[in-house]
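Report on the structure given below.
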Amino acid sequence: MDIVTAHDRPNTTAEAIEIQETLRGLVDREDRCPQQILTVTGLDVAYDEGSGLIAAAAVTLDTTDFRVVEKRTVVSEVSFPYEPGLFAFRELPPLLDALRALDHSPDLLVCDGHGLAHPRRFGLACHVGVVTGLPTLGVGKTRFIGKHGEPGRERGAKEPLVDDGEVVGMVLRTQDDVKPVYVSVGHKISLDNACRQVLRLSPAFRQPETTRQADRLCRAALKEAS
DNA sequence: GCGACAG
DNA sequence: ATCTTGTCGC
């Protein structure tokens, strides 16, 4: 798929934050998803301490039967340190390489990290969305910012994630009696639709099938490379 | 000033 | 993210 936009790789924390402050203005909070979301691409990354290698995976699934339509993995060298709030700069390069290798553009991208639920309202999911121009949503496994109540114990139960008086995401239970996930808008999608899609993509486990597939693939790719 | 802090 | 023992349940 085509990815036109690009920005220089930041060399300092200040530069990275500057880029985020600029790009966050490009986030589209309107829902521009097609009526029928038929294909969804899951993204994930795996690391290797010793070799300094990073593997990224992009897996596109058919949402009607969860079958793999396309999949790509890329292995490269880590180019940015992990820092809470800036980890998109670490994972974005390999993720974009994997996305570029796909033959077809999906209807939606699911990222393993937060979107608007970020201190500057520009988490990985937003960054990926702005750069690709595609609808994106973020699914975090742990809280980053915001406060929330405890959602009911049944699948589908949810509680708003609020930060500084703003609803930045939703704490959503994807399976009965399982720890909830943190869903937030990335780009071109409403929070309500994002939750609906995450639930639809999580028929049996805590995390969406897209994320599970991507996770499995990048781990395998990393293992081969190292 | 003191914690908290996506993956 | 990754490491890592035992334990619970199908």
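Observations
- Lysine pairs in segment A:13-225 with Cα atoms under 29 Å, if 8 or more residues apart or on separate chains: 15
- Cα pair distances of segment A:68-140 binned at 10 Å [whole percent]: 19, 52, 26, 2
- FRET efficiency for A:K147 and A:Y47, using Cβ-Cβ distance with R0 set to 30 Å, rounded to 0.05: 0.50
- Modelled spin-label separation between A:E159 and A:E77, with each label point placed 7 Å from Cα along the Cα-to-Cβ direction: 4.6 nm.
- Full-extension gain in nm, A:R206 to A:F66, via 0.36 nm per residue minus C-alpha separation: 48.8 nm
- Packing-based ranking, highest mean first, of A:38-44, A:8-14 given that Cβ atoms within 10 Å are counted: A:38-44, A:8-14
- Ellipsoid semi-axes in whole angstrom, largest first, where each is sqrt(5λ) of the Cα gyration tensor of segment A:17-120: 24, 21, 10
- Per-selection Kirkwood Rh - chain A (Cα, Å, 1 d.p.): 17.3
- Rough spin-label spacing in nm, given labels placed 7 Å along Cα→Cβ, for A:I17 and A:E30: 3.3
- Across chain A, the longest piece that holds none of the GluC sites (Glu not before Pro) lying in DSSP loops with up to 15 other C-beta atoms within 10 Å covers A:50-153.
- Applied to segment A:93-101, the Karplus parametrisation 6.51 cos²θ - 1.76 cosθ + 1.60 on θ = phi - 60° returns per-residue 3J(HN,Hα) values of x, x, 5, 5, 4, 5, 5, 4, 6 Hz, with x for Gly and Pro.
- Rg/Rg_globular for segment A:36-89, with Rg_globular taken as 2.2 N^0.38 Å and Rg from C-alpha atoms: 1.43
- Cα centroid separation - segment A:132-160 against segment A:66-91, whole Å: 21
- Computed label-point distance, nm, for sites A:D192 and A:E224 using a 7 Å Cα→Cβ extension: 4.4
No value in this document is a laboratory result; all are computed from the given coordinates. As the structure is a computational prediction, the values presented were derived from the model and not from experiment. A quick note on method: Cβ atoms are made from the backbone with ideal geometry, for glycine too, and the neighbour counts reach across all protein chains shown.
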